[in-house]
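Heads up: the structure comes next, in structure tokens.
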Amino acid sequence: MVTEYESALEVAERLNRLTPGEFEKRTGLFSTGAEAVENAVKIARTWTGRDAIVVLGHAYHGRTLLTMTMTGKNVPYKEGFGPFAPEVYRVPSPYPYRWAGAATTETGIAEEAFEQLVDQITTQVGTANVAAIIVEPVQGEGGFIVLPEGYMTKVAQFAKENGIVFIADEIQAGLARTGDLFAVDHEGVVPDIVLTAKALAAGMPLSAVTGRAEIMDSVRAGGLGGTYAGNPVACAAAIAALDVIVDEDLPGRARHIEEVVMPRLKELQAECAAIGDVRGRGAMLAMEFVVPGTRTPDPDAAKKVAAHANARGVLTLTAGTYSNVIRLLPPLVISDDLLEDALDVLAEATRTLA
């Protein structure tokens, strides 16, 4: 951390160039996604002089004390691990399939959820006390919830008007996964801070906080760091991964995967009454399982389908606040033949359940 490796500088320069926004930026490198989230919070609190952090329902931001407090799901992430960090406030997530408000369209849900965010911040927290609002553009562990069009735009504008740092947690949804280089690009949102990890170094332990220079520079020298932050081997992996993502147009590849997979998922939904919803963006797709004829979550059905597929060599993961979602995260470089083969196995698993 005293004298940076050239590879660390190159990763930072690339992220400064690739992340949304034409303004001057700084990047700090760390080891894990949770570290990136924690450091973004530290930076936002320093810049604003405020304490409160606002997160969404169904959010997942990590497993450390602060980030598990920010995470919305109790089991397995929080149960028995309290007490939790103070000054974290949760507002409703605009979860289209399970929205409890009056609105039925995505536009209406986005508006109602935004109104609730503003009301809760204004009345329960105090706008002048909020350091940051942090959002996953597609909520990962919460069940691959795609935030409805317009919601992030409204939230980012509200944050700007009130001196609040708007942070995009792109750790799971970013770096081409959703069909854009960053998931916020779909809506043209420019965050103050963008968080990356996971795909950043193709699985090697590296994460990054990239943000407006004046915000990032507000922390005193030595305030941010870590023993393994900017590890040179991980940085070399990141440079290679970013080359592939950009040069091979993996955002375009993710959009192609959606074109192949989504029609198959909709076919399965039409056949199997236990599939309540199919959703996602790019190569970040999901099926939500319910008791047929209801919207009651059915985690056992999701578990059975996943087990059936896994036993036949197709690796799927369950997710969701109610553990009733099967999430599909195919490698962006997967061949069409292998993708179709995997979908055949998934279809067999679902029809067996039906």
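Here is a check on your reading of the model: is residue 50 buried (at least 19 other Cβ atoms within 10 Å of the Cβ), assigned by TED's automatic domain parsing to the domain that holds residue 169 and assigned to a helix (DSSP H, G or I)?
On the way: buried (at least 19 other Cβ atoms within 10 Å of the Cβ): yes; assigned by TED's automatic domain parsing to the domain that holds residue 169: yes; assigned to a helix (DSSP H, G or I): no.
Judged against the criteria, residue 50 is not a match.
So which of 29, 66 is surrounded by fewer than 22 Cβ atoms within 10 Å (Cβ to Cβ), at pLDDT 95 or above and aliphatic (A, V, I, L, M)? Spell out how you get there, then give the answer.
Details: 29 fails: surrounded by fewer than 22 Cβ atoms within 10 Å (Cβ to Cβ).
Among 29, 66, only 66 is surrounded by fewer than 22 Cβ atoms within 10 Å (Cβ to Cβ), at pLDDT 95 or above and aliphatic (A, V, I, L, M).
Which residue is nearest to residue 139 (Cα to Cα), if the candidates are limited to segment 320-354 and must be of a type in the set (Ser, Thr, Tyr), touching a residue at least 60 places away in the same chain (Cβ under 8 Å) and not in a helix (DSSP H, G or I)?
Residues of segment 320-354 that are of a type in the set (Ser, Thr, Tyr), as a first pass: 321-323, 335, 350, 352.
Still in the list and also touching a residue at least 60 places away in the same chain (Cβ under 8 Å): 321-322, 350.
This time we only want the ones that are not in a helix (DSSP H, G or I), so: 321-322.
Values: 321: 11, 322: 14 Å.
So, considering only residues that are of a type in the set (Ser, Thr, Tyr), touching a residue at least 60 places away in the same chain (Cβ under 8 Å) and not in a helix (DSSP H, G or I), the one nearest to residue 139 (Cα to Cα) is 321.
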Among the listed residues 138, 155, 190, which satisfies the condition of being more than 17 Å from residue 93 (Cα to Cα) and in the same structural domain as residue 28 (by TED's automatic domain parsing)?
190
Report whether or not residue 273 is of a type in the set (A, V, I, L, M, F, W, C) and crowded, with 23+ Cβ neighbours inside 10 Å.
no
Return only the number of the condition from (1) within 23 Å of residue 16 (Cα to Cα); (2) modelled with pLDDT of 95 or more that residue 225 does not satisfy.
(2)
Tell me whether segment 304-316 contains one or more residues that are within 19 Å of residue 73 (Cα to Cα) and either among the charged types (D, E, K, R) or out of contact with any Gly (no Cβ under 6 Å at 6 or more places or on another chain) (or both).
no
Out of contact with any Asp or Glu (no Cβ under 7 Å at 6 or more places or on another chain), outside the structural domain of residue 177 (by TED's automatic domain parsing) and either over 19 Å from residue 58 (Cβ atoms) or not polar (S, T, N, Q) (or both): does that describe residue 276?
no
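For the structure I just gave you, tell me whether residue 167 is more than 16 Å from the chain's Cα centre (by Cα), at pLDDT 95 or above and not in a loop (DSSP other than H, G, I, E, B). Let's see the steps before the verdict.
Details: more than 16 Å from the chain's Cα centre (by Cα): no; at pLDDT 95 or above: yes; not in a loop (DSSP other than H, G, I, E, B): yes.
Spelling it out, it is not the case that residue 167 is more than 16 Å from the chain's Cα centre (by Cα), at pLDDT 95 or above and not in a loop (DSSP other than H, G, I, E, B).
The values are calculated or read from the model by the stated rules, or taken from the named source; none is laboratory data. Computed from a predicted model, the values in this text were never measured in an experiment. Note that we place each Cβ from the backbone using ideal geometry, even for glycine, and neighbour counts take in every protein chain shown.
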